[in-house]
Amino acid sequence: VQLVESGGGLVQAGGSLRLSCAASGRPFSSYVMGWFRQAPGKEREFVAVITVSGGTTFSADSVKGRFTISRDNAKNTVYLQMNSLKPEDTAVYYCAAARSFASARSGVCDYWGQGTQVTVSS
């Protein structure tokens, strides 16, 4: 599976962005999908995960109520809607494909995108 993120950019605090991750190659609909982020000087951290069907999602406490993960299997795309952005959300955001929900939550993913930069100014 090849994953390509898009939608990052510079936004003011309180603003919104929608990230997209387009998949190609192996059947997208057979993978659990997750979003992760890595800020400068920090380790990569889990952001959100969504099951194959899209029926179940889970988000990190730091983004709960502000970020929403979704997927469109017909378009082979997973999204991350980010609202009420804060400067501490500044990071490179990565999407990833995993074989199970638990694996995705743990960051044990089979495929990773190249990342898209999100910068939130105060």
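The values are calculated or read from the model by the stated rules, or taken from the named source; none is laboratory data. From a predicted model like this one, the values you see are computed outputs, not experimental measurements. So basically every Cβ, Gly included, is an ideal-geometry build from the backbone, and we count neighbours across all protein chains shown. Heavy atoms of the whole protein, side chains included, go into the accessibility calculation; ligands, DNA and RNA do not. Shrake-Rupley method; radii C 1.70, N 1.55, O 1.52, S 1.80 Å.
Which sequence of GLU88, GLU43, GLU5 reflects their accessible areas, 1.4 Å probe, from the largest down?
If we order GLU88, GLU43, GLU5 from most to least accessible, we get GLU43, GLU88, GLU5.
Rounded to the nearest 500, the helix-only mean residue ellipticity at 222 nm of the chain stands at -1000 deg cm²/dmol, with each DSSP H run of n ≥ 4 adding -39,500 (n - 2.57).
In the stretch 1-121, a dipole from Cβ-located charges (positive for Lys and Arg, negative for Asp and Glu) runs towards its positive end, and of MET33, TYR94, TRP112 it is MET33 whose Cα lies farthest in that direction. Counting only protein chain heavy atoms and rolling a 1.4 Å probe, the accessible areas of ARG26, ARG99, ARG44 rank, largest first, as ARG99, ARG26, ARG44.
The translational diffusion coefficient of the chain, from Stokes-Einstein at 10 °C and 1.306 mPa s with a Kirkwood hydrodynamic radius over alpha carbon pairs, comes to 113 µm²/s. Computed in the context of the full set of protein chains, the accessible area of the chain at 1.4 Å probe radius has 47% of its extent on carbon or sulfur. Counting only heavy atoms of the protein chains and using a 1.4 Å probe, TRP112 has close to 80 Å² of accessible surface.
The per residue volume of the convex hull around the alpha-carbon atoms of the stretch 28-88 is 89 Å³.
Positive end of the charge dipole of the stretch 4-119 (Lys, Arg +1 and Asp, Glu -1 on Cβ, about the Cα centre): tell me which of THR77, GLY14, VAL47 has its Cα farthest that way. My answer, from the dipole projection, is THR77. For the stretch 1-119, the solvent-accessible area works out to 49 Å² per residue, with a probe of 1.4 Å and every protein chain left in place.
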